[in-house]
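Below is one structure; the comments refer to it alone.
The values are calculated or read from the model by the stated rules, or taken from the named source; none is laboratory data. None of the values given here were measured: they were computed from a predicted structure. Here the Cβ positions follow ideal geometry from the backbone for every residue, glycine too, while neighbour counts run over all protein chains shown. Just the protein is used for accessible areas: all its heavy atoms, side chains included, with ligands, DNA and RNA removed. Shrake-Rupley method; radii C 1.70, N 1.55, O 1.52, S 1.80 Å.
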Amino acid sequence: MSEPLTVVVCVDHGSITGGQAKVAIESAIGMKRAGLRVIFFAAAAPVDPRLQEEGVEVACLGQTDLLGNPSRAAAMIQGTWNTDAAKALRELLAKLPADRTVVHVHGWARALSPSIAPAIAQSKLPALYTVHEYFLFCPNGGFYNYQTNVACSLEPLSPACFATHCDQRNYVRKLWRGGRLLLAKHFARLPQVFSDYVCISNFQRDVIAPFIPKSARLHHVSNPIDAVDRGPKENPASGDFIFLGRLSPEKGPLLFAEAAARIGQVATFVGDGPMAAEIAQRFPDARLLGWKSPDEAAEALRNARALVFPSLWYEGQPLTVLEAKAMGTPVIVSNGCAGREEVADEETGLWFNNGDAFALARAIGRLKDDATVARMSRAAYDDFWRDPPTLSRHVERIVAIYEEMLSRRAAAA
């Protein structure tokens, strides 16, 4: 009997803090169920208990992430070069079978740092990177200017880039992040560590294609969606227009609130974040429900008239858009983000011009029509469940990439 394939999943957080960690954790669980040996390597605690319950081996350093570190100086040191992470990963990889092991990195910028690159390179194990955000290519991780609230077209790390204050907090942090990316690219050579990259949308592929090493191979694998088929909606034209997610500037919550107010529609927000207080102050009629449990969030999507996804930045592959379709909920989506890829304009939802409150208001107004909502609801449901991106399908496609990488390694040897 052949030795099972070993996968070392590397990510900043051991628990779900966003889409990146959610996919890494659920993918690890899915691969373990498929018979692989899975080692989950993370910097920041706590650890999702499901990992060990499912038999996934966990190596967590018990650190905080950069935002959770009470010392700004210590956070900058950790974010620049996490010595503990480098040492622990190097020791872990040295113990694993060279011919049946793949390293799969989901994230490094919030806790692990570029220090993981030499450890992976020294192991000589094949390595894969899933692009959830853009920290490997852009200093602030989003090709987005948080000061002007528009997508950024500047060449990353160019003089114009360094001269531009685009950080969400302050220009000093922008300079530090720029220096860190220079270190990651030219000293640690982090991009060159990966022979293969996974994009989660075609939109994202087009964004990163100019920046990855020419020898690297690009693959397209959708994120897994944990959804239950509850059948078509019985009453699709009821419910609110909702925003679900983090209330941060790049997600466009203020745009939604403004557009809804223009046509006398109540904007409902499921989530929380730094924009919550401003939304409440400027738009007192808006409903801010705060964070909900995963089951409660799914119920909110099921009961919504439509999901409004007004994101101002590129995104990767927004899980919320797919989750809404699974529930039979139409989506109003910005045409400047990857979410548009999952929405057939005029069929399963509506596109509107990125950043345009008037255009978003018109789209919301159109979905006040019950017949239009009912038609799009059924189309959204049918489109998702025709070929649902389940965890098992996701694992099947990821494992096929692993096997291809190991075959290339064997052929080269």
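In table form, for the structure just shown:
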{"item": "Flag for Val38 being open to solvent by 30 Å² or more (accessible area, probe 1.4 Å) and either touching a residue at least 24 places away in the same chain (Cβ under 8 Å) or closer than 24 Å to Tyr402 by Cβ (or both)", "result": "no"}
{"item": "Tally, over the stretch 320-346, of residues that are touching a residue at least 40 places away in the same chain (Cβ under 8 Å), under 17 Å from Asn202 (Cβ atoms), surrounded by 24 or more Cβ atoms within 10 Å (Cβ to Cβ) and of a type in the set (A, V, I, L, M, F, W, C)", "result": "2"}
{"item": "Complete set of residues in the stretch 244-257 that are of a type in the set (A, V, I, L, M, F, W, C), open to solvent by 10 Å² or more (accessible area, probe 1.4 Å) and farther than 14 Å from Gly19 by Cβ", "result": "Leu254, Leu255"}
{"item": "Unmet criterion (only one of (1) within 24 Å of Leu247 (Cα to Cα); (2) at pLDDT 95 or above; (3) not charged (D, E, K, R)) for Asn149", "result": "(2)"}
{"item": "Subset of the stretch 135-156 that is among the small types (Gly, Ala, Ser) and part of a loop (DSSP other than H, G, I, E, B) - its residue that is farthest from the chain's Cα centre (by Cα)", "result": "Ser153"}
{"item": "So Gly349, is it open to solvent by less than 10 Å² (accessible area, probe 1.4 Å), of a type outside the set (A, V, I, L, M, F, W, C) and within 18 Å of Gly239 (Cα to Cα)", "result": "yes"}
{"item": "Tabulated pairs, the stretch 357-380, first closer than 15 Å to Ala326 by Cα, second in a helix (DSSP H, G or I) and not small (Gly, Ala, Ser), C-beta under 9 angstrom, 6+ apart or interchain", "result": "Ala380/Lys325"}
{"item": "Matching residues, the stretch 288-303, being outside any loop (DSSP other than H, G, I, E, B) and among the small types (Gly, Ala, Ser)", "result": "Gly290, Ala297, Ala298, Ala300"}
{"item": "Residue that is surrounded by the fewest Cβ atoms within 10 Å (Cβ to Cβ), among those in the stretch 45-80 that are among the small types (Gly, Ala, Ser) and over 15 Å from Ser115 (Cα atoms)", "result": "Ala73"}
{"item": "Boolean, Gly142 is more than 16 Å from Val11 (Cα to Cα) and open to solvent by 10 Å² or more (accessible area, probe 1.4 Å)", "result": "no"}
{"item": "Test: residue in the stretch 308-319 that is assigned to a helix (DSSP H, G or I), open to solvent by 70 Å² or more (accessible area, probe 1.4 Å) and either within 17 Å of Lys251 (Cβ to Cβ) or not aliphatic (A, V, I, L, M) (or both)", "result": "no"}
{"item": "Qualifying positions in the stretch 82-96 - open to solvent by less than 30 Å² (accessible area, probe 1.4 Å) and either assigned to a loop (DSSP other than H, G, I, E, B) or among the basic types (Lys, Arg) (or both)", "result": "Asn82, Leu96"}
{"item": "Qualifying residue in the stretch 101-121 (condition: part of a helix (DSSP H, G or I), of a type outside the set (Asp, Glu) and open to solvent by 10 Å² or more (accessible area, probe 1.4 Å))", "result": "yes"}
{"item": "Number of positions in the stretch 200-246 that are at pLDDT 95 or above and closer than 19 Å to Glu278 by Cα", "result": "3"}
{"item": "Residues that are open to solvent by 20 Å² or more (accessible area, probe 1.4 Å) and not in a helix (DSSP H, G or I), drawn from the stretch 261-272", "result": "Ile263, Gly264, Gln265, Val266, Asp272"}
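Condition check ((1) touching a strand residue (DSSP E or B) at 6+ places or on another chain (Cβ under 7 Å); (2) not polar (S, T, N, Q)) across all residues:
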position: Asn335; (1), (2): yes, no
position: Gly349; (1), (2): yes, yes
position: Gly365; (1), (2): no, yes
position: Arg378; (1), (2): no, yes
